[in-house]
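Peer 1: Right, I'll just put the structure down here and ask away after.
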Amino acid sequence: MKKNKAGFLTRMIHAGSFDDPWGSAVTPIYQTSTFAFKTARQGAELFAGEKKGYIYTRIGNPTISALEKSIASLENGFNGIATASGMGAVSTIYLAMLGKDTHMISTASVYGPSRGIMENHFSRFGVSSSYIDTSNLEEVEKHIRPETKLIYLETPSNPTMQLTDIAGVVEIARRYHIPVAVDNTFSSPYLQNPLDFGADIVLHSVTKFINGHADVIGGIIVTKTEEMYRRLRPVMVAMGFNMDPHQAFLVHRGLKTLALRIDKAEENAFTIAQWLEQHPKVAWVKYPGLLSHPQHDLAKKQMRGFGTMISFELKGGLAAGEKLMDNVHLALLAVSLGGVESLIQHPASMTHSSLPREEREDAGITDGLVRFSVGIENVEDLLEDLEQALEKV
Ligand code: LCS
């Protein structure tokens, strides 16, 4: 059987692995910075791209390649480009696709620094951007300019849980020949495959669901075509945004239980979202699985599940939210998400604090919004913990 044609779980375990001469069951860690050439001619051929092989770990490494191939298979893409962090993946895409006097359209409520580096740094080099409500397709088309060279989506978005219709945006973008990149961190390849909806590039902070154990920082880009891969990869290599072999080994190990972890955490998240929605002290809950989510139907169409991330606001706003966060004991009060352990945090003062208040509010990130990344603990324990903390509010 061709491994790339197998089911998701089979590919999650086997895709990307290669036949190790010693029969190693998992891809070994090639902890080396450089690779010896057999002859000067072979070295020259590798540099010229005439032969396949490894030269230097910033350019490529077998442990990293195995992870890249494996995630590319799960995203139904051509190949992967692993990076030192999720922000390394974001930066590689911006650098490769944009330049002086070009323009980017992006989802307003993306992860704070994805917007921060554009507005604070790329802007210094003459790149302009429009952060808009990409869930509104008319808005997307309205903001396209002749110099628009990238549409960058995050769906569901961090932390508002807003969805963008990927196929809808792609349909517009194609008419203007603009590539579309999608940050798929919140869904992971298990719940959503943006390339299947026509996107050109998908990226992840593998720090989150793909690694899943809150012990590694990393990122990855997967492209739909070889041409796009050849455009992005040299930028990652030249900028030194590469992943490290040991990092790749850990991420690959975590990846092998991705679906199992998400299934359990999602079951917990569904229960918690419904429970919060009924709670008298809760003003609103955003979870794509709830009928009250404004894009519940789009979630059913575009995603294979509703994920493990919940945003909510208490009736008492920020003061009440702070009281809650100070009193939960089981969920850690910490940023990041997508791990086996539950985490709770306050985007306005933490993950999205780099954005001016006006931009945050525009994007729907209210001061009272609390974000909950649901883990795989016993759901009764998580509920009991939330209940006792809410009693103190
Ligand atoms: N994209 C999304 C959607 C993210 O949530 C993050 C990090 C990144 C990119 C950047 O990835 P990193 O460089 O951290 O691997 N999100 C975080 C969050 O919500 N809390 O802490 C980090």
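Peer 1: Being open to solvent by less than 50 Å² (accessible area, probe 1.4 Å) and within 18 Å of GLY305 (Cα to Cα) is the filter here, so list the residues in region 254-279 that pass it.
Peer 2: First, pick out the residues of region 254-279 that are open to solvent by less than 50 Å² (accessible area, probe 1.4 Å): 254-255, 258-259, 261-262, 265-266, 268-269, 272-273, 276, 279.
The answer is LEU255, LEU258, ALA259, ARG261, ILE262, ALA265, GLU266, ASN268, ALA269, ILE272, ALA273.
Peer 1: Would you check which residues across region 113-134 are crowded, with 23+ Cβ neighbours inside 10 Å and touching a residue at least 60 places away in the same chain (Cβ under 8 Å) and list them? Break it down stepwise before answering.
Peer 2: Just the residues of region 113-134 that are crowded, with 23+ Cβ neighbours inside 10 Å, to begin with: 114-115, 127, 134.
Listed by number, the residues that qualify are SER114, ARG115.
Peer 1: Please pick out the residue among GLU361, GLU313, GLU384 that is without any contact (Cβ under 8 Å) to a residue 60 or more places away in the chain and more than 28 Å from ILE166 (Cα to Cα).
Peer 2: On the way: GLU361 fails: more than 28 Å from ILE166 (Cα to Cα); GLU313 fails: more than 28 Å from ILE166 (Cα to Cα).
GLU384 is the lone residue from the list that is without any contact (Cβ under 8 Å) to a residue 60 or more places away in the chain and more than 28 Å from ILE166 (Cα to Cα).
Peer 1: Follow-up. Of the numbered conditions (1) in contact (Cβ under 8 Å) with a residue 24 or more places away in the chain; (2) part of a loop (DSSP other than H, G, I, E, B); (3) open to solvent by 40 Å² or more (accessible area, probe 1.4 Å), LEU291 fails exactly one; give the number of that condition.
Peer 2: Among (1) in contact (Cβ under 8 Å) with a residue 24 or more places away in the chain; (2) part of a loop (DSSP other than H, G, I, E, B); (3) open to solvent by 40 Å² or more (accessible area, probe 1.4 Å), LEU291 violates only (1).
Peer 1: On the given criteria, is LYS286 touching a Phe, Trp or Tyr at 6+ places or on another chain (Cβ under 9 Å), outside the structural domain of THR164 (by TED's automatic domain parsing), within 28 Å of LEU195 (Cβ to Cβ) and surrounded by fewer than 15 Cβ atoms within 10 Å (Cβ to Cβ)? If you could, list the steps in order and put the result at the bottom.
Peer 2: Values: touching a Phe, Trp or Tyr at 6+ places or on another chain (Cβ under 9 Å): yes; outside the structural domain of THR164 (by TED's automatic domain parsing): yes; within 28 Å of LEU195 (Cβ to Cβ): yes; surrounded by fewer than 15 Cβ atoms within 10 Å (Cβ to Cβ): no.
Against the criterion (touching a Phe, Trp or Tyr at 6+ places or on another chain (Cβ under 9 Å), outside the structural domain of THR164 (by TED's automatic domain parsing), within 28 Å of LEU195 (Cβ to Cβ) and surrounded by fewer than 15 Cβ atoms within 10 Å (Cβ to Cβ)), LYS286 does not qualify.
Peer 1: Could you please find all residues in region 347-392 being assigned to a loop (DSSP other than H, G, I, E, B) and surrounded by fewer than 17 Cβ atoms within 10 Å (Cβ to Cβ)?
Peer 2: SER349, MET350, SER353, SER354, PRO356, ASP367, ASN378, LYS392
Peer 1: Residues of region 62-94 being away from the ligand (no atom under 15 Å from the Cβ) and in a helix (DSSP H, G or I), which ones?
Peer 2: Once the filter is applied, which keeps residues that are away from the ligand (no atom under 15 Å from the Cβ) and in a helix (DSSP H, G or I), region 62-94 yields PRO62, THR63, ILE64, SER65, ALA66, GLU68, LYS69, SER70, ALA72, SER73, LEU74.
Peer 1: Considering only residues that are among the small types (Gly, Ala, Ser) and within 16 Å of the ligand (Cβ to nearest atom), which ones fall in region 147-173? Write out each step before concluding.
Peer 2: The initial filter retains those residues of region 147-173 that are among the small types (Gly, Ala, Ser), namely 157, 167-168, 173.
Residue satisfying the conditions is SER157 alone.
For (1) without any contact (Cβ under 8 Å) to a residue 40 or more places away in the chain; (2) away from the ligand (no atom under 11 Å from the Cβ); (3) surrounded by 24 or more Cβ atoms within 10 Å (Cβ to Cβ), each residue gets a yes or a no:
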position	(1), (2), (3)
TYR176	yes, yes, no
PRO189	no, yes, yes
PHE197	no, yes, no
GLY219	no, no, yes
GLU226	no, yes, no
ARG230	yes, yes, no
ALA238	yes, yes, no
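Peer 1: Here's another thing I want to ask about it. Quick one: would you say ILE29 is more than 16 Å from the ligand (Cβ to nearest atom) and either of a type in the set (Gly, Ala, Ser) or surrounded by fewer than 17 Cβ atoms within 10 Å (Cβ to Cβ) (or both)?
Peer 2: Numbers: more than 16 Å from the ligand (Cβ to nearest atom): yes; either of a type in the set (Gly, Ala, Ser) or surrounded by fewer than 17 Cβ atoms within 10 Å (Cβ to Cβ) (or both): no.
When the stated conditions are applied, ILE29 does not pass them.
Peer 1: Restricting to region 104-141, what's the tally of residues that are part of a strand (DSSP E or B), within 15 Å of the ligand (Cβ to nearest atom) and more than 16 Å from the chain's Cα centre (by Cα)? Spell out the reasoning first.
Peer 2: Here is the first cut: in region 104-141, the residues part of a strand (DSSP E or B) are 104-107, 128-132.
From what's left, within 15 Å of the ligand (Cβ to nearest atom): 106-107, 131.
From what's left, more than 16 Å from the chain's Cα centre (by Cα): 131.
Adding up the residues that qualify gives 1.
Peer 1: For region 321-336, how many residues meet the condition of being open to solvent by 10 Å² or more (accessible area, probe 1.4 Å) and either in a loop (DSSP other than H, G, I, E, B) or among the β-branched types (Val, Ile, Thr) (or both)?
Peer 2: Of the residues in that region, 6 qualify.
Peer 1: Turning to a different aspect of this structure: Any residue in region 79-100 that is outside the structural domain of LYS224 (by TED's automatic domain parsing) and closer than 18 Å to LEU153 by Cβ sitting within a Cβ distance under 9 Å of a residue that is part of a strand (DSSP E or B) and within 15 Å of the ligand (Cβ to nearest atom)? List the pairs, counting only those 6 or more apart or interchain.
Peer 2: Correct list of pairs: empty, since none qualify.
Peer 1: Any idea which of (1) within 11 Å of the ligand (Cβ to nearest atom); (2) in a loop (DSSP other than H, G, I, E, B); (3) modelled with pLDDT of 95 or more is the one ILE144 doesn't satisfy?
Peer 2: ILE144 satisfies every listed condition except (1).
The values are calculated or read from the model by the stated rules, or taken from the named source; none is laboratory data. Here the structure is a predicted model, which is why all the values come from computation and not from measurement. For neighbour counting, all protein chains shown are included, and Cβ atoms are generated from backbone atoms with ideal geometry for every residue, glycine included. These accessible areas exclude ligands, DNA and RNA; they are computed on the full protein's heavy atoms, side chains included. Shrake-Rupley method; radii C 1.70, N 1.55, O 1.52, S 1.80 Å.
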